[in-house]
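Chemist: Before I ask anything, let me first share the structure, which is written out below as C-alpha cells.
The values are calculated or read from the model by the stated rules, or taken from the named source; none is laboratory data. Keep in mind that what you see is a predicted model, and the values were worked out from it rather than measured. Methodologically, a virtual Cβ is constructed for each residue, glycine included, from the backbone with ideal geometry; neighbour enumeration extends over all protein chains shown. Heads up: the accessible areas ignore ligands, DNA and RNA and are worked out on the full protein's heavy atoms, side chains in. Shrake-Rupley method; radii C 1.70, N 1.55, O 1.52, S 1.80 Å.
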Amino acid sequence: QVQLVESGGGLVQAGGALRVTCAVSGSISSINIMGWYRQDPGKQRELVASITSAGRTNYADSVTGRFTISRDAAKNTMYLQMNGLKPEDSAVYYCAAGKLWYEYWGQGTQVTVSS
C-alpha cells in the first residue's frame, strides 16, 4: 500500500505563485508514475502534470510554461510549483501515484486564486 498526503494549498492572488507538496509513504518501490490532478465542483477531474520514475514529465496545455512538476526521491516527495496563477486554476489538487495507472490518491488540497 501507498499513502499520499498533500499540503501547501491556500489562497493566492492572480499572478501569484504557490507550491503544493505530496508526501509519499508505504510501498514506494512499486511506484512508477506520479501526477497531479485537479477538480473544480461541477467539472471533470483533470490531469495537470505527471512525472515518471525516469523523470519524464508531461503537462496539460492549460498549465504548460506556468507549472513545474518535480520529485525528490530522497525525501519521498513530489511537488507542483505553480506560477502565474489564474482564477481558473482554482480547484482541489490531488496527488496520485501507481505502477501502471493512478491507483493511489491523496485527500486533496484546495487552491483558490482570487482575481
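Chemist: Could you check the range 63-89 and list, in sequence order, the residues that are without any contact (Cβ under 8 Å) to a residue 24 or more places away in the chain and either touching a Gly at 6+ places or on another chain (Cβ under 6 Å) or assigned to a loop (DSSP other than H, G, I, E, B) (or both)?
Modeler: 64, 65, 66
Chemist: Give me the pairs: first residue in the range 3-17 and over 28 Å from residue 31 (Cα atoms) and modelled with pLDDT of 95 or more, second residue open to solvent by 30 Å² or more (accessible area, probe 1.4 Å) and of a type in the set (Val, Ile, Thr), beta-carbon distance under 7 Å, and six or more apart or on different chains, which are they?
Modeler: 11/112
Chemist: Next question. Just to be sure, is residue 1 within 20 Å of residue 107 (Cα to Cα) and among the polar types (S, T, N, Q)?
Modeler: Taking the combined requirement at face value, the residue satisfies it.
Chemist: Which count do you get for residues in the range 1-17 that are under 12 Å from the mean Cα position of the chain (by Cα) and open to solvent by less than 30 Å² (accessible area, probe 1.4 Å)?
Modeler: Residues in the range 1-17 being under 12 Å from the mean Cα position of the chain (by Cα) and open to solvent by less than 30 Å² (accessible area, probe 1.4 Å): 2 in total.
Chemist: Right, here's the next one. Name every residue in the range 18-60 that is out of contact with any strand residue (DSSP E or B) (no Cβ under 6 Å at 6 or more places or on another chain), open to solvent by less than 70 Å² (accessible area, probe 1.4 Å) and of a type in the set (Ser, Thr, Tyr), in order of residue number.
Modeler: Result: 30, single match.
Chemist: Now for a separate question. Considering only residues of the range 87-111 that are over 15 Å from residue 33 (Cβ atoms) and surrounded by 15 or more Cβ atoms within 10 Å (Cβ to Cβ), which is nearest to the chain's Cα centre (by Cα)?
Modeler: 93
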